[in-house]
Amino acid sequence: MSYATEPSHPHGTPEKTAVLLVNLGTPEAPTAQAVRPYLREFLSDPRVVEIPRAIWWLILNGIILNVRPKKSAAKYASIWMPDGSPLKVHTARQAALLQGYLDEKITGVPVVVDYAMRYGNPSIADVLTRLKAQNCQRILLVPMYPQYAASATATVCDAAFSALQQMRNMPALRTIRHFHDHAGYIHATAQNIRDYWTLHGRPDKLVMSFHGVPRYTLEKGDPYHCECLKSGRLIAEKLGLGKEQYIVSFQSRFGRAEWLKPYTTATLVELGKLGTKRIDVVCPGFVSDCLETLEEIAQEGREDFQHAGGGEYHYIPCLNVHPEWIHALSGLVLDNLQGWLDKPDAAQLERNRLRALEAGAKV
């Protein structure tokens, strides 16, 4: 096996610690040409679609990639921001704000914050290479999924470990598994909802819609369903809601297999048929607004609810760059950086450099 060329490393240089935020990904543009390779990469991941590879290859390449890119591109176009994809824009801003917060909180210790996308660009492999070139020898990997799922969190780890396999001199790597019940995340989510209600009033029912996954993943041991229910319960408790005032549902069903229930679409239609005067929908499983929240929930969800006879429909934006979320994220990161934030000893580094030169090192 051949490894990637190692970056030059002058002896006596302080090692850095890095924090790498990773979210799902996005096409480079809201066009069918850009969406097609993104969908191919995403839907080719065996953790995302657990169907025998030969059968799925025929379905993916024979049907889906010939039909879906154009439809998806139109949906992306409806939510595209001036600066690009909402998911990438918000993630980049989160990384920049986190960098600023850590710079104020940690003195004398070099910490680098960057972000990557699991599918599309910037790729995890490219960013890990960039961090290594900056002498980041300790990297905290932060999948930006509050609830663990094999099809989300685990595949981020897969990509990171695969990238490290190409390196001769690997950096140390830590991963955050989940933060579905982290006090800061729960507080920030509840505060984000409260802030919205302060401006717009309260609904008759709050719908917390999480990304859906096939039911067989639960039966095979994936904890995602349980973690979504726990997040929903804790958020409701923080808001002081009774069981009759909120509901947890699951969106984005794909294919014919049974997925986690209740389905968000069916829930919205049912609430509409009941003549509910107002519902608010929030997506606590997403820390950044994206296609699934802005198009599927904010747009399609409204049509489903109101077409069925419902009244007011409000979509509450994701955490994005809410100050309480950045504060919570920094706390989560600092908790997981313990032992990695010792100040470099300049005198010791110089002694190390001189010893290395005496032993024949060139730099």
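The values are calculated or read from the model by the stated rules, or taken from the named source; none is laboratory data. Since this is a predicted model, take the numbers as computed values, not measurements. As a convention, Cβ positions derive from the backbone with ideal geometry for all residues, glycine included, and neighbour counts pool all protein chains shown.
Side notes on the structure shown:
- Residue 285 vs. criteria modelled with pLDDT of 95 or more and touching a His at 6+ places or on another chain (Cβ under 6 Å): yes
- Residue in the stretch 159-172 that is in contact with a strand residue (DSSP E or B) (Cβ under 9 Å, 6 or more places away or on another chain) and under 30 Å from residue 237 (Cα atoms) present: no
- Lone qualifier among 268, 234 - being under 26 Å from residue 310 (Cβ atoms) and among the aliphatic types (A, V, I, L, M): 268
- Being closer than 17 Å to residue 190 by Cα, among the aliphatic types (A, V, I, L, M) and either loosely packed, with under 15 Cβ neighbours inside 10 Å or modelled with pLDDT of 95 or more (or both) is a property that residue 297 lacks.
- Residues of the stretch 260-288 satisfying the condition of being without any contact (Cβ under 8 Å) to a residue 40 or more places away in the chain and either among the hydroxyl-bearing types (Ser, Thr, Tyr) or not in a helix (DSSP H, G or I) (or both): 262, 265, 274, 275
- Residues of the stretch 109-139 that turn out to be part of a loop (DSSP other than H, G, I, E, B) and either hydrophobic (A, V, I, L, M, F, W, C) or touching a residue at least 12 places away in the same chain (Cβ under 8 Å) (or both), as a count: 5
- Residue within the stretch 203-224 that is within 21 Å of residue 142 (Cα to Cα), part of a helix (DSSP H, G or I) and touching a helix residue (DSSP H, G or I) at 6+ places or on another chain (Cβ under 8 Å) present: yes
- Of the criteria (1) out of contact with any strand residue (DSSP E or B) (no Cβ under 6 Å at 6 or more places or on another chain); (2) in contact (Cβ under 8 Å) with a residue 60 or more places away in the chain; (3) closer than 20 Å to residue 38 by Cβ, which one residue 87 fails: (1)
- Residue 244 vs. criteria surrounded by fewer than 21 Cβ atoms within 10 Å (Cβ to Cβ), more than 20 Å from residue 217 (Cβ to Cβ), more than 22 Å from the chain's Cα centre (by Cα) and of a type outside the set (Ser, Thr, Tyr): yes
- Within the stretch 65-81, the residues that satisfy the criterion of being under 20 Å from residue 256 (Cβ atoms) and surrounded by 16 or more Cβ atoms within 10 Å (Cβ to Cβ) are 65, 68, 72.
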